[in-house]
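The values are calculated or read from the model by the stated rules, or taken from the named source; none is laboratory data. These numbers come from a predicted model, not from an experiment. Backbone-built Cβ (ideal geometry, glycine too); neighbour counts: all protein chains shown. For the accessible areas, the whole protein counts, side chains as well, though only heavy atoms, and no ligand, DNA or RNA atoms are used. Shrake-Rupley method; radii C 1.70, N 1.55, O 1.52, S 1.80 Å.
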Amino acid sequence: MLKGDLSLRQGDFQLESGTFELETTGITVLFGRSGSGKSTLLRAITGLDKHTHGTLYFNGERWQDGKWRLPTPRRDIGFVFQDAALFPHLSVRGNLEYAVRRAPSGGASLNELAERVGIAHKLDQSVTTLSGGEKQRVAIARALLSRPRLLCMDEPLSALDWRAKGELLPLIEELARETGVPILYITHAPIEVERLAARVVFMAAGRIERIETLREALERPDSPLFDEEGPVSVLEGRLGVPNEHGLCAFGEEGERLWLAPPTHSTDGRPQRLRILARDVSLALDDPSRISILNHLPVSIERIEPVKEGRVTVATRTAGGQLLLAEITPWSLARLDLVPGRLVYALIKSVALME
């Protein structure tokens with residue numbers, strides 16, 4: 001566990017985290033708008049700012065006690081920043097060797113990790129010749145070669161284009177699972193939270209407002225994750241092999257969906273599927289003469305109050321997963337939809353979170 005209560009003033013900004021406890025497994029996302037205190041909290045946790053006060057314990061080890069703090073190098077933390085922060089006068093290999101020289105013995109070799117993150121063919125290039133995505137791959141490899149007990153990533157994808165983001169998101173998830181290193185990950189992009197998070201730390205005005213699992217965060221109607229695109233559902237399941245029509249089955253019988261094959265190998269691991277509530281319609285009967293392929297039997301769990309002329313209907317699939325639909329109040333009344341009623345969800349668009 002990472003447990004603490006931290007305070008830090010930076011100029012006119014005051015961080016007062018309040019008491020918190022985080023499991024040190026998987027990916028924990030710090031989420032909030034710009035200026036909410038995400039990076040300041042990360043600086044306080046890592047010991048990068050000597051003005052931090054409060055208490056902090058990492059897996060029982062004291063990192064902060066009042067004004068006393070364990071120096072950052074002794075916390076064994078790996079860092080990946082928005083700008084990669086590589087040494088421009090060194091090659092890719094030189095940047096990685098820098099981390100190896102300062103790490104305890106053992107762990108993955110430089111060449112093995114370079115191959116794993118996709119930069120083995122770039123080892124002898126100057127880092128100044130790399131694309132933004134390639135630089136972040138080097139930064140990730142360098143951080144892991146230091147054999148950290150905790151990896152901190154501060155908006156590592158915010159400066160990249162959509163293609164580079166799409167390639168790095170699954171890589172970060174896979175490395176977290178393969179290495180077992182807990183990750184603190186900062187972002188203000190809901191789609192990154194939905195793709196990576198095991199749990200979410202919601203921040204505002206320098207305080208931790210609440211800590212929730214991703215499932216809990218997606219189940220409350222006022223979730224800040226819905227501010228940009230409206231309510232979102234994230235379903236979990238495994239992908240099958242493509243059928244004769246080139247589509248893959250997602251999920252188990254009773255909640256099976258069909259979608260285009262992914263662009264990367266999934267190796268049979270559970271995947272996440274992102275569905276906007278506005279792309280889900282409801283019907284009283286299962287339509288057969290319709291171009292929409294994905295329709296599931298669901299049970300209505302609750303109906304949220306009307307907001308901006310729309311109603312969010314929360315339903316459950318046969319496997320117990322939450323699926324949100326956004327409809328008009330007129331449709332709600334015309335179909336006489338009430339909690340407990342069995343209906344069919346017609347899903348117009350799905351996106352595998354690659």
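For segment 92-132, the set of residues classified as in contact with a Ser or Thr (Cβ under 7 Å, 6 or more places away or on another chain), open to solvent by 80 Å² or more (accessible area, probe 1.4 Å) and closer than 26 Å to G180 by Cα consists of R102 only. Across segment 265-282, the qualifying residues are those that are open to solvent by 50 Å² or more (accessible area, probe 1.4 Å) and of a type outside the set (S, T, Y), and the one among them that is farthest from I303 (Cα to Cα) is D267. Note on segment 314-354: residues that are closer than 21 Å to R272 by Cα, open to solvent by less than 60 Å² (accessible area, probe 1.4 Å) and not small (G, A, S) total 14.
Would it be correct to say that E155 is under 20 Å from R269 (Cβ atoms), open to solvent by 10 Å² or more (accessible area, probe 1.4 Å) and among the charged types (D, E, K, R)? No. Here A139 qualifies as at pLDDT 95 or above and within 22 Å of A197 (Cα to Cα). Checked against the criteria, L168 does not count as assigned to a loop (DSSP other than H, G, I, E, B) and surrounded by 18 or more Cβ atoms within 10 Å (Cβ to Cβ). Scanning segment 1-19 for residues that are in a strand (DSSP E or B) and crowded, with 18+ Cβ neighbours inside 10 Å yields L2, G4, L6, L8, L15. Being among the small types (G, A, S) and open to solvent by 40 Å² or more (accessible area, probe 1.4 Å), is that true of even one residue in segment 283-297? The answer is yes, given that some residue of segment 283-297 is among the small types (G, A, S) and open to solvent by 40 Å² or more (accessible area, probe 1.4 Å). Applying a threshold of 6 Å to beta carbon distances and a minimum spacing of six or more residues, or different chains, the list of pairs starting in segment 326-354 at a residue that is free of Cβ contacts under 8 Å to residues at least 24 places away in the same chain and more than 21 Å from R316 (Cβ to Cβ) and ending at one that is open to solvent by less than 30 Å² (accessible area, probe 1.4 Å) and not in a loop (DSSP other than H, G, I, E, B) reads P329/V311.
Just for strands (runs of 3 or more DSSP E) wholly inside segment 240-354: which have at least 3 residues that are farther than 30 Å from L169 by Cα?
Working: elements: 248-250, 257-259, 271-276, 280-283, 294-303, 311-316, 322-327, 342-347.
The qualifying strands (runs of 3 or more DSSP E) are 294-303, 342-347.
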